[in-house]
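*Asks:* Just dropping this structure here.
What follows is calculated from the coordinates using simple rules that are stated; it is not laboratory data. Everything quoted here is computed from the prediction, not taken from an experiment. Using ideal geometry, Cβ is built from the backbone for each residue, glycine included, and neighbour counts are taken over all protein chains shown.
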Amino acid sequence: MTGPVNNKPLITAPLHCIQQQLREKKNKLTVFFTRRTHQTRVGLCLSDVAELLSGVLQWSGVGPVLFLIYINGVAGLLEHNGIIAR
């Protein structure tokens with residue numbers, strides 16, 4: 001992939017370094033999204049612990065990124081089936 005100026009590469013790091021970083025990020029995200037629980041407090045009462053099967057922490061910054069990844073996948077699927085998403 002080349003950049004808009006002088007056709008210089010946008011990424012200059014060796015591919016194996018980038019792949020290693022992506023694997024490490026994937027592992028951290030896997031840990032972040034697994035074995036999560038939730039409890040609700042109403043006044044002095046606390047609910048039983050429930051396992052979270054989906055969702056992200058509010059204000060974590062991960063939600064908007066995951067939304068963009070999801071939408072990008074949906075757009076690709078639509079375009080693959082002849083529907084242009086803009």
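*Asks:* Label residue 68 and residue 29 with points 7 Å out from Cα along Cα→Cβ: what is the distance between them in nm?
*Replies:* Placing both labels 7 Å along Cα→Cβ, they lie 1.2 nm apart.
*Asks:* Whose amide H sits under 5 Å from the amide H of residue 52, counting only residues 5 or more places off or on another chain, with H placed in the peptide plane?
*Replies:* The list, which skips near neighbours in sequence, is 36, 37, 38.
*Asks:* Can I ask one more? Output ³J(HN,Hα) for the range 34-49: one whole-Hz value per residue in order, computed from phi by the Karplus curve 6.51 cos²θ - 1.76 cosθ + 1.60 with θ = phi - 60°, and x for Gly and Pro.
*Replies:* For the range 34-49, the Karplus-derived couplings read 10, 6, 9, 10, 8, 9, 10, 10, 10, x, 9, 8, 10, 5, 5, 6 Hz, x marking Gly and Pro.
*Asks:* Another question, if that's okay. Residue-wise, which Karplus ³J(HN,Hα) couplings in Hz belong to the range 14-25, taking 6.51 cos²θ - 1.76 cosθ + 1.60, θ = phi - 60°, and x for glycine or proline?
*Replies:* With the stated coefficients, the range 14-25 comes to x, 4, 5, 5, 5, 4, 5, 4, 5, 4, 5, 5 Hz.
*Asks:* Between residue 44 and residue 75, what is the label-point separation in nm under the 7 Å Cα-to-beta-carbon projection?
*Replies:* Result: 5.4 nm between the two label points.
*Asks:* Whole-Hz ³J(HN,Hα) for each residue in the range 70-75, computed from phi via Karplus 6.51 cos²θ - 1.76 cosθ + 1.60 with θ = phi - 60°, x for glycine and proline: what do you get?
*Replies:* Whole-Hz 3J(HN,Hα) from phi for the range 70-75: 4, 4, 4, x, 5, 4.
*Asks:* Based only on other Cβ atoms within 10 Å, what is the fewest-to-most ordering of 71, 84?
*Replies:* Least to most surrounded, the residues fall as 84, 71.
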